[in-house]
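Chemist: Handing you this structure, nothing more for now.
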Amino acid sequence: MEFVNIIILAIIVNNVVLAQFLGICPFLGVSNKVGTSIGMGAAVVFVMALANFVTYFIYYFVLIPLHIEFMQTISFILVIAFLVQVVEIIMKKAAPPLYQALGIYLPLITTNCAVLGIAILATQKQFNLIQSVVYGSATAVGFTLALVLMAGIREQMELTGYPKGMKGFPISLVTAGLLSLAFMGFSGLVK
Amino acid sequence: MANKLESTLKNMILSLFLISMVMSGALGFVYVVTKKPIEETQKKAEIEAVKNVLPEFDNDPTKDVKDIDGLKYYVATKSGEVVGCAVKTYTNKGFSGHFEIMVGFKPDGTIFKSAVLDQKETPGLGDKMKTKWKDQFNEKHPTTFKLAVKKDGGDVDAITASTITSRAFCDAVTRAYEGYMKNIAKTTNQ
Amino acid sequence: MSSLKVFTNGLLKENPTFVLVLGACPTLAVTTAAFNGIGMGAATTFVLFFSNMLVALLKNYIPDKVRIVAFIVIIATFVTIVDLVMKAFVPDIYKTLGIFIPLIVVNCIILGRAEAFAQKNDVSRAILDGLGMGIGFTLAITILASVRELLGNGTIFNIPIVSENAKTMLIFILPPGAFITYGYLIAIFNQLKAKYNF
């Protein structure tokens, strides 16, 4: 039950993009086509689960025993950057098809603030290891959901007319706003 | 750019190592310098929160905090006599889940005042609990003032369109009251 | 480019918020009240100023292949300094901005400026660029925050603008309002830019 709550909260109620404003850059940048957004989403799910797993150990077995919690930001971002590199190298060697599908999205993930943000939030919420990994993956699924929905809308939008002045970012942002409004309907779903 | 360092292994390691050393040194320094102000600020905020919900006192209630079952009890005294106890309490039933409030009790269990500490209820709806709304609890004793919204047969006027938040607030106050009567009132009234 | 141009570049021509659309996360998240905009802007400007300065100073001592890591270390250090200082001296703003202070690290504006400008220019120009970009960001998010605060709460910088009994449009301080206001402001900015050609 506890995990169901974490998952529903992370995917729908507190959707990482539409309610918490994390990962906006890739959300606006990669949501042109449904296909690419699924690829990006899958890569994020993978990295986020892994990042939460590793940062858990960093936080509880390095930072806390040494009383240097204030080094959290700097150590987490370096670990995430390192992880992304390692995943890229391993994937290239061990699973070439997977690499071909997800590889181009991996470097973009380092600057996806959702990864760092969720790692920090997981320590703030004092989750244990399993909760933290579940939270990370569920959040990333929420990210993918928002990305795919947005991509679907944008694909349709290319075929419709709207004021010239709204072309590009403005229309995407207003669309995201309406999507966010729809997601607000879920608030209060889980007690 | 002529004399830019080459990307040899030695140079890369050396340069990264030196940058990390200098940067962590700088960070350590700032950490030491700000450590005391941070502690003082947090303590000040804590005392301020206690002051907001209790009658005048002259001890330092943050010195001897009792932490029982997730609630924190700050006992305040004036010239040695107990004037009240502030209870930091919480609820998980808010519209957005968890929020924390501070409730001040007089020694007999009458609510003195309350304050909202940490909340993320809907702005403009649920977060109205921060306003005058919570004053209806002041000077009420939970044995005669039923801590539930009127819809549920209690005595509390719910916030318009925010019954869930109002119920959660009652839940937090009830938790504080029960904890106070069970853990604190007995010891201080003897 | 003259020094003045380097500075004003970030204010209008390449405004990080309205033109480059970088650092959108804090832009959307913290702009529920005008004061938050100023606080976030000041913190970001501080980091931009010092990271640009240091990157320009050290550019010849950082081998190319590890430059991104080195930049991240430098930026993360200044972010942590801001974090600690704000926690100590402005706890209220610190609490409202919350997780978005450590997240300045991944604000693309900062790494972007280090990579695109500071590492190719001398210290004084890098500092000017950092200041220009920082102030441009601050102005932009403060405008966005003021609009949202006015429409959603009827105040700007906590000063009441409309009558207390007036119904305000709550939606503008909720998440959807952030996206919608930001979208319209970019559109307006683009129109002005096209008209006055700055």
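Yes/no matrix, rows are residues, columns are (1) away from chain C (no Cβ under 13 Å); (2) in contact with a helix residue (DSSP H, G or I) (Cβ under 8 Å, 6 or more places away or on another chain); (3) assigned to a helix (DSSP H, G or I); (4) surrounded by fewer than 17 Cβ atoms within 10 Å (Cβ to Cβ):
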{"position": "A:Val17", "(1), (2), (3), (4)": "no, yes, no, no"}
{"position": "A:Cys25", "(1), (2), (3), (4)": "no, yes, yes, no"}
{"position": "A:Asn32", "(1), (2), (3), (4)": "yes, yes, no, yes"}
{"position": "A:Ala49", "(1), (2), (3), (4)": "yes, yes, yes, no"}
{"position": "A:Leu66", "(1), (2), (3), (4)": "yes, no, no, yes"}
{"position": "A:Gln72", "(1), (2), (3), (4)": "no, yes, yes, no"}
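Chemist: Let me spell it out: the conditions are (1) over 21 Å from the mean Cα position of the chain (by Cα); (2) surrounded by fewer than 21 Cβ atoms within 10 Å (Cβ to Cβ), and B:Ser162 meets all of them except one. Which number is the exception?
Modeler: Against the list (1) over 21 Å from the mean Cα position of the chain (by Cα); (2) surrounded by fewer than 21 Cβ atoms within 10 Å (Cβ to Cβ), B:Ser162 comes up short only on (2).
Chemist: Can you tell me which of C:Ala140, C:Ala114, C:Ala145 is within 14 Å of chain A (Cβ to nearest Cβ), out of contact with any helix residue (DSSP H, G or I) (no Cβ under 7 Å at 6 or more places or on another chain) and assigned to a helix (DSSP H, G or I)?
Modeler: C:Ala140
Chemist: Any residue in the stretch B:29-54 that is over 30 Å from B:Lys140 (Cβ atoms) sitting within a Cβ distance under 7 Å of a residue that is among the charged types (D, E, K, R)? List the pairs, counting only those 6 or more apart or interchain.
Modeler: Listed pairs, sorted by first residue: B:Ile38/C:Lys87.
Chemist: Does C:Leu48 satisfy the criteria of being within 27 Å of A:Leu28 (Cβ to Cβ), aliphatic (A, V, I, L, M) and either within 14 Å of chain B (Cβ to nearest Cβ) or in contact (Cβ under 8 Å) with a residue 12 or more places away in the chain (or both)?
Modeler: Numbers: within 27 Å of A:Leu28 (Cβ to Cβ): yes; aliphatic (A, V, I, L, M): yes; either within 14 Å of chain B (Cβ to nearest Cβ) or in contact (Cβ under 8 Å) with a residue 12 or more places away in the chain (or both): yes.
Taking the combined requirement at face value, the residue satisfies it.
Chemist: Scanning for something touching a residue at least 40 places away in the same chain (Cβ under 8 Å) and within 20 Å of A:Gln124 (Cβ to Cβ), does the stretch C:116-136 turn up at least one residue?
Modeler: No, every residue in the stretch C:116-136 fails to be touching a residue at least 40 places away in the same chain (Cβ under 8 Å) and within 20 Å of A:Gln124 (Cβ to Cβ).
Chemist: Do you know which of the residues in the stretch B:26-56 that are surrounded by fewer than 11 Cβ atoms within 10 Å (Cβ to Cβ) and of a type outside the set (Asp, Glu) is farthest from B:Phe105 (Cα to Cα)?
Modeler: B:Val32
Chemist: Which one of these does B:Asn59 not meet: (1) surrounded by fewer than 20 Cβ atoms within 10 Å (Cβ to Cβ); (2) touching a residue at least 60 places away in the same chain (Cβ under 8 Å); (3) in contact with a Gly (Cβ under 9 Å, 6 or more places away or on another chain)?
Modeler: Result: B:Asn59 passes all but (2).
Chemist: If you don't mind, another one. Among the numbered conditions (1) within 10 Å of chain C (Cβ to nearest Cβ); (2) touching a residue at least 12 places away in the same chain (Cβ under 8 Å); (3) touching a helix residue (DSSP H, G or I) at 6+ places or on another chain (Cβ under 7 Å), tell me where A:Phe21 comes up short.
Modeler: Against the list (1) within 10 Å of chain C (Cβ to nearest Cβ); (2) touching a residue at least 12 places away in the same chain (Cβ under 8 Å); (3) touching a helix residue (DSSP H, G or I) at 6+ places or on another chain (Cβ under 7 Å), A:Phe21 comes up short only on (2).
For every residue, the table says whether it meets (1) away from chain B (no Cβ under 14 Å); (2) of a type in the set (A, V, I, L, M); (3) not in a helix (DSSP H, G or I).
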{"residue": "C:Phe7", "(1), (2), (3)": "yes, no, no"}
{"residue": "C:Thr32", "(1), (2), (3)": "no, no, yes"}
{"residue": "C:Met40", "(1), (2), (3)": "yes, yes, no"}
{"residue": "C:Thr77", "(1), (2), (3)": "no, no, no"}
{"residue": "C:Ile93", "(1), (2), (3)": "no, yes, no"}
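Readers should treat all values here as calculations from the given coordinates under stated rules, not as data from a laboratory. Please read all numbers here as calculations on a predicted model, not as lab measurements. Cβ atoms come from the backbone with ideal geometry, glycine included; neighbour counts cover every protein chain shown.
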